[in-house]
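Q: Before I ask anything, let me first share the structure, which is written out below as structure tokens.
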Amino acid sequence: MSMITEITMIAVVVAIACALPGVFLVLRGVTMVSDAITHTVLLGIVLAFFITQDLNSPLLMIGATLVGVATVWLIETIQRSDLVSNDAAIGIVFPLFFSIAIILITLYAGDVHLDEDAVLMGDLAFAPFRRFDAFGYDLGPQSLWVMSVILVINALFIFFFYKELKITTFDPAFAAALGFTPLIIHYALMTLVSLTAVGAYDSVGSILIVGFMVGPALSGYLLTHSLKKMISITVLMAVINSISGVQLAFLFDTTIAGMIAVVTGGTTLLILVFSPGKGLFKQQLNQKRAHNNLNKRIETLI
Amino acid sequence: MKEDIAIRIDKLTVAYEAQPVLWNISLAFKKGKMTAIVGPNGAGKSSMIKAMLGLVKPVTGEVVYQDKDQQAVSYKELKNRIAYVPQNTSVDWDFPTTVRDVVLMGRYGHLGWFKRPKKADREIAKQMLGKVGLPTFASRQISQLSGGQRQRVFLARALAQEAEVYIMDEPLAGVDMKTERIIMKLLKELVSEGKTVLVVHHDLQTVEDYFDDIVFINQEVIAAGRVEDTFDKQTVKKTYHRDRNLGEGE
Amino acid sequence: MLTEIVSVLSDYTFQLVALGTGIIGLLSGVIGTYATLRKESLLGDALSHAALPGIGLAFVLIQRKELLFLMMGAIVSGLIATAIVQLITKKTLVKLDSALSLVLSSFFGLGLVVLTAIQNNPNAQQAGLSSFIFGQASAMLSRDVQLIAAVGVILLALVVLFWKEFKCYTFDPMFSRSLGFSSKLIEFLLSMMIVLTIIIGLESVGVILISALLIGPSIAARQWSHRLSSVMVLSGLTGFLSGVIGTLVSSMGENIPTGPVIVVVVSLFVFGSLLFAPKQGLVARRIKKRNKQKQFLKRLNELKEGHS
């Protein structure tokens with residue numbers, strides 16, 4: 001396989017893996033919590049690396065995922081205390097974790113093969129160089145395997161818990177009365193977000209992951225009134241964004257993840273403006289029409 | 001007349017952060033009756049419902065349901081026989097889902113974890129949507145409905161639960177006349193079929209027309225009984241003009 | 001250890017940088033109070049990330065690392081991002097958090113694209129441009145500090161001048177409008193002040209962490225007082241101390257990044273305040289709750305005994 005094919009494949013898999021949980025993050029209005037997670041798993045990665053000394057250890061992935069879940073818990077505990085507003089709670093937790101991670105990385109830069117630039121921005125271009133070898137055979141890029149597994153986990157979760165995800169998102173009080181504990185579903189979703197962030201950080205970088213999660217899901221949200229269609233559109237947009245992002249990045253010889261983030265922002269904004277149902281234009285038009293109708297009725301009154 | 005009781009609340013105390021919102025409540029809701037739950041804001045009505053649905057853990061006391069064989073059972077054991085309509089405001093109305101889907105959610109409790117709704121479930125959902133007068137709205141997006149229509153969809157969802165007990169948190173808040181008529185007609189039907197209906201209700205003017213029994217609550221039970229015996233000006237006054245904090249003692 | 005501190009303290013570069021980060025902390029504390037009171041904490045986060053492409057494009061335009069120009073670029077792209085977020089949340093069904101996440105990541109992505117492009121076309125001046133991501137306080141020059149101080153004086157003057165109007169507007173915009181204050185003007189001034197505060201902190205703290213400096217001090221200060229004036233003074237002081245202490249700690253060792261250390265110091269203030277503030281702090285509340293619980297249980301027992 002050529003390098004660009006491999007990179008495109010990784011990009012597509014990463015994009016879908018991120019976009020799937022993104023659907024429910026957008027619907028639940030907790031995308032900034034996921035942004036916090038993508039920052040704090042870095043601390044998990046660094047700490048776990050000190051112990052395992054191996055960036056590819058499954059133990060490192062589990063440890064880092066747990067730090068992501070702990071972030072959610074800490075944010076929600078502070079929110080429940082009512083001492084600060086919900087968004088401020090997010091804003092005071094993740095910079096601390098992230099700062100400690102950055103300090104550790106720079107302090108031990110010599111010993112740790114963790115580059116702060118790579119962690120932040122990711123480097124899809126280098127992803128094909130890390131190969132997955134088994135029994136002496138080269139089975140392709142490692143991140144392709146890792147992210148494919150995560151993608152399958154995310155897809156299975158949504159498939160099996162579709163009904164539960166739907167009802168706990170739409171009407172948590174009712175769901176709880178039926179016995180579908182919303183808290184369990186919530187933490188399961190957040191665990192998958194953390195796992196996805198841990199898996200994707202070295203190809204996409206911690207800051208751009210949230211865009212991969214939110215953009216396609218938002219496009220889906222704006223284009224349809226059905227949850228199933230929303231999921232399909234989300235996956236489709238993830239594929240379109242990642243493929244065109246890779247192409248453009250090669251064309252302009254620049255960062256691939258960054259370019260995909262830009263394309264994602266661009267397509268989402270376009271849909272936001274022009275979506276036939278919920279777009280900006282349509283909303284304005286509806287408002288104007290309602291206004292005209294009102295005027296007409298007032299005229300007939302007079 | 002002991003066999004008439006559907007739900008029994010026994011010495012229930014509910015508190016948040018050691019601040020009691022319900023104090024030592026004992027009540028019995030009769031089977032096959034429509035009961036209004038009345039009280040000012042912050043009187044603990046919603047907390048009582050939450051305790052009845054196992055959503056908050058009481059400090060003391062318990063809520064006991066009677067099953068078909070008149071055995072006392074907890075909410076958990078009977079939850080598929082209990083339908084609940086939460087307050088309109090607790091829901092995300094921009095959620096991408098259709099009216100049909102929302103009604104179908106009423107079947108989720110019977111399905112339990114993992115299982116998908118089957119054809120029979122869809123049939124029931126369709127039938128209930130017809131009952132509330134919205135058969136043509138099935139594939140509409142829920143955000144396109146008016147407040148009254150939304151409330152009827154919620155009622156259809158509760159009907160789809162095919163329960164014995166219906167617990168509704170202010171189903172008539174802010175709805176139009178037509179919706180109010182439809183909802184009350186359907187609730188009366190349920191009662192005539194021997195189902196038990198509890199309604200948190202705000203409009204004191206309609207109490208006498210709509211309900212068999214009434215419970216006045218303000219952190220404690222002020223009065224409870226048949227509407228014609230219990231509903232009078234003095235009790236209303238006592239319920240709504242009472243301002244004391246149970247946490248700090250008398 | 002002590003002699004080390006003394007030698008660092010008497011170092012000119014340290015004094016300069018500490019003064020710079022101190023002023024930045026002070027301003028973030030004061031102006032950030034408005035941001036957190038208006039529940040716009042995370043808008044600052046999106047805004048600062050969005051400044052990156054502005055910095056890059058400004059550099060492309062003038063091909064020099066002239067702080068003033070780079071800041072102007074940052075202001076422009078920061079304002080565009082804010083406008084997009086506000087347009088999305090006001091005119092569509094999309095929730096604020098989604099709008100923020102989308103704008104934050106796509107602008108940051110654009111910033112990375114521009115910076116990579118600049119790195120691929122070497123120019124002697126480009127070095128250190130990417131330090132805007134994490135900030136590099138040690139790169140601060142004396143004219144940078146002068147610029148920061150000048151902006152600071154203007155911002156503080158505005159706070160004093162419009163004290164009543166800002167206070168009224170953050171507390172109750174509708175009421176403020178009914179009093180005849182132009183809400184558009186106040187809104188614009190406030191946003192502009194928040195943007196400026198973020199921008200002047202970018203060079204030393206970086207786009208990713210500057211929002212923490214904006215949020216942290218006012219959250220910490222809020223735990224100790226309910227009066228806007230004292231919250232603001234405490235917040236400014238907290239910000240100033242965090243800047244100076246953070247710079248000191250990072251100057252003590254080699255290769256310790258200043259921005260993250262400042263954020264850790266701010267966080268210590270925040271979590272310390274959340275835990276130990278009198279009355280509403282978590283520890284104080286715990287004690288109060290325990291007492292209340294005791295009373296509650298006593299009454300409950302009385303109740304049970306009465307019944308039996």
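The values are calculated or read from the model by the stated rules, or taken from the named source; none is laboratory data. Given the structure is predicted, the values throughout are model-derived calculations rather than measurements. Virtual Cβ from ideal backbone geometry, glycine too; neighbours counted across all protein chains shown. The area values use the complete protein model at the heavy-atom level, side chains included, leaving out ligands, DNA and RNA. Shrake-Rupley method; radii C 1.70, N 1.55, O 1.52, S 1.80 Å.
Q: Where a ≥ b ≥ c are the square roots of the eigenvalues of the C-alpha gyration tensor, would you call the stretch A:1-57 rounded, which needs a/c under 1.5, or, failing that, prolate if a/b is larger than b/c, or oblate?
A: Oblate, since a/c reaches 1.5 and b/c is not below a/b.
Q: How many square angstrom of accessible surface are buried between A and C, both sides summed, with a 1.4 Å probe and rounding to 100? Provide the component values of the computation, followed by the final result.
A: Details: alone 15450 and 16640 Å², together 27480 Å².
Approximately 4600 Å², summed over both chains.
Q: Remind me, relative contact order of chain B in percent, using alpha carbon pairs under 8 angstrom and six or more residues apart?
A: Relative contact order for chain B comes out at 27 percent.
Q: How far apart, in nanometres, would the label points at B:K115 and B:N41 be if each is projected 7 angstrom from Cα along the Cα-to-Cβ direction?
A: Those two pseudo-labels are separated by 4.3 nm.
Q: Same structure again: Using the Kirkwood radius over C-alpha pairs as Rh, can you work out the diffusion coefficient of chain C via Stokes-Einstein at 25 °C, viscosity 0.890 mPa s, in µm² per second?
A: Here the translational diffusion coefficient equals 117 µm²/s.
Q: With angles folded into 0 to 90 degrees, how steeply does helix A:182-204 sit against the dominant principal axis of chain A? Use alpha carbons for both and round to 10.
A: Roughly 60 degrees, rounded to the nearest 10.
Q: Here's another thing I want to ask about it. Per residue, how much accessible area does chain A have with a 1.4 Å probe, in Å²?
A: 39 Å²
Q: Which residue, chosen from C:F134, B:M105, C:A220, occupies the Cα position most advanced towards the positive end of the dipole of the protein assembly as shown, where the dipole is computed from +1 (Lys, Arg) and -1 (Asp, Glu) charges on Cβ about the Cα centre?
A: B:M105
Q: Which number do you get for Rg(Cα) / (2.2 N^0.38 Å) in the stretch B:2-248?
A: Normalised Rg, Cα atoms only: 1.01.
Q: What lysines could a cross-link reach from B:K50, if we take a straight Cα to Cα line under 21 Å and drop same-chain neighbours fewer than 8 places away?
A: Output for B:K50: B:K11, B:K30, B:K31, B:K33, B:K76, B:K79, B:K195.
Q: Which one of C:I200, A:I90, B:Q151 is farthest out on the positive end of the charge dipole of the protein assembly as shown, using unit charges on Cβ (Lys, Arg +1; Asp, Glu -1) and the Cα centre as origin?
A: It is B:Q151, whose Cα lies furthest towards the positive end.
Q: If you put +1 on each Lys and Arg Cβ and -1 on each Asp and Glu Cβ, how big is the dipole of chain A around its Cα centre, in Debye rounded to 20?
A: 1700 debye
Q: So what's the angle, to the nearest 10 degrees on a 0 to 90 scale, between helix A:58-81 and the longest Cα principal axis of chain A?
A: 40 degrees
Q: Now for a different question. Using only protein heavy atoms and a 1.4 angstrom probe, determine the accessible area buried between B and A, summed over both sides, in Å² to the nearest 100. Before the final figure, lay out each step's value.
A: Details: alone 13290 and 15450 Å², together 26060 Å².
The B and A chains share an interface burying roughly 2700 Å².
Q: Once R0 is set to 56 Å, what does the formula 1/(1 + (r/R0)^6) return for the Cβ-Cβ distance between C:N255 and C:Q293, expressed as a FRET efficiency to the nearest 0.05?
A: Once the sixth-power term is evaluated, E becomes 0.65.
Q: So if each residue of separation counts as 0.36 nm, and I subtract the Cα-Cα distance between C:K39 and C:I154, what length gain in nm does that give?
A: 39.0 nm
Q: Now for a separate question. So if I average 1/r over every pair of distinct C-alpha atoms in the protein assembly as shown and take the inverse, what Kirkwood radius in Å does that give? Could the numbers behind the result be given before it?
A: Numbers: mean 1/r = 0.0336 Å⁻¹.
Over the protein assembly as shown, the inverse of the mean reciprocal pair distance is 29.7 Å.
Q: Suppose R0 equals 60 Å; then what is the FRET efficiency for C:A117 and C:A284 from their Cβ-Cβ distance, rounded to the nearest 0.05?
A: On the way: r = 54 Å, r/R0 = 0.90.
Calculated value: 0.65.
Q: Oh, and also: Once amide H atoms are built 1.01 Å from N in the peptide plane, which residues 5 or more positions from B:L22, or in another chain, come under 5 Å H to H?
A: Sorted by chain and number, the residues that satisfy this are B:V14.
Q: What is the set of long-range amide H partners of B:K30 at a cut-off below 5 Å, with H atoms built 1.01 Å from backbone N?
A: For B:K30, the qualifying residues are B:A6.
Q: Continuing with the same structure: With r defined as the distance between the Cβ atoms of A:F50 and B:N80 and R0 fixed at 56 Å, what FRET efficiency is calculated, to the nearest 0.05?
A: Efficiency at R0 = 56 Å is approximately 0.65.
Q: Would you be so kind as to list the residues of the stretch C:211-225 that have their accessible area lowered by at least 20 Å² in the full protein complex compared with their chain by itself (1.4 Å probe)?
A: Those are C:A212, C:I215, C:I219, C:Q223, which lose 20 Å² or more relative to the chain on its own.
Q: Here is a further query. How about the stretch B:138-195: which GluC sites (Glu not before Pro) there are in a DSSP loop, with at most 16 other Cβ atoms within 10 Å of their Cβ?
A: Here the GluC sites (Glu not before Pro) that fit, given the DSSP loop and packing criteria, are B:E162, B:E193.
Q: Rolling a 1.4 angstrom probe over the protein heavy atoms, how many square angstrom per residue are accessible across the stretch B:2-248?
A: 44 Å²
Q: Same structure again: Find the sum over both chains of the accessible area lost when B and C are paired, probe 1.4 Å, and report it in Å² to the nearest 100.
A: So the total buried area for this chain pair works out to about 1300 Å².
Q: May I pose another question? Modelling each spin label as a point 7 Å along the Cα-to-Cβ direction, I'd like the C:S183/C:L275 distance in nm, to one decimal.
A: The modelled label-to-label distance comes out at 4.2 nm.
Q: Hey, another quick one. Amide H to amide H under 5 Å from A:G140: which residues, 5+ apart in sequence or cross-chain, H placed 1.01 Å off N in plane?
A: Here A:F132 satisfy the definition.
Q: Ok, one more. Through the Karplus equation 6.51 cos²θ - 1.76 cosθ + 1.60, θ set to phi - 60°, convert the phi angles of the stretch C:36-48 into ³J(HN,Hα) values in whole Hz; use x for Gly and Pro.
A: 6, 5, 7, 6, 10, 4, 7, 4, x, 5, 5, 4, 5
Q: Calculate, for the stretch C:2-277, the solvent-accessible area per residue in square angstrom, rolling a 1.4 angstrom probe over the heavy atoms of the protein chains.
A: Solvent-accessible surface per residue comes out at 39 Å².
Q: Kindly provide the helix-only [θ] at 222 nm of chain B, computed as the sum of -39,500 (n - 2.57) over DSSP H runs of four or more divided by all residues, to the nearest 500 deg cm²/dmol?
A: Taken over chain B, the calculation gives -8500 deg cm²/dmol.
Q: Determine the share of the stretch C:2-277's accessible area contributed by carbon and sulfur atoms, expressed in whole percent, with a 1.4 angstrom probe.
A: On the stretch C:2-277, the fraction of accessible area on carbon and sulfur atoms equals 70 percent.
Q: Which pairs, out of B:K45/C:K292; B:K45/B:K126; A:K229/C:K90, put more than 29 Å between their alpha-carbon atoms?
A: Numbers: B:K45/C:K292 23 Å; B:K45/B:K126 32 Å; A:K229/C:K90 25 Å.
Result: B:K45/B:K126 exceed 29 Å.
Q: May I pose another question? Which of the listed residues, C:V153, C:V249, A:A238, is farthest toward the dipole's positive end in the protein assembly as shown, when Lys, Arg count +1 and Asp, Glu count -1 at the beta-carbon?
A: It is A:A238.
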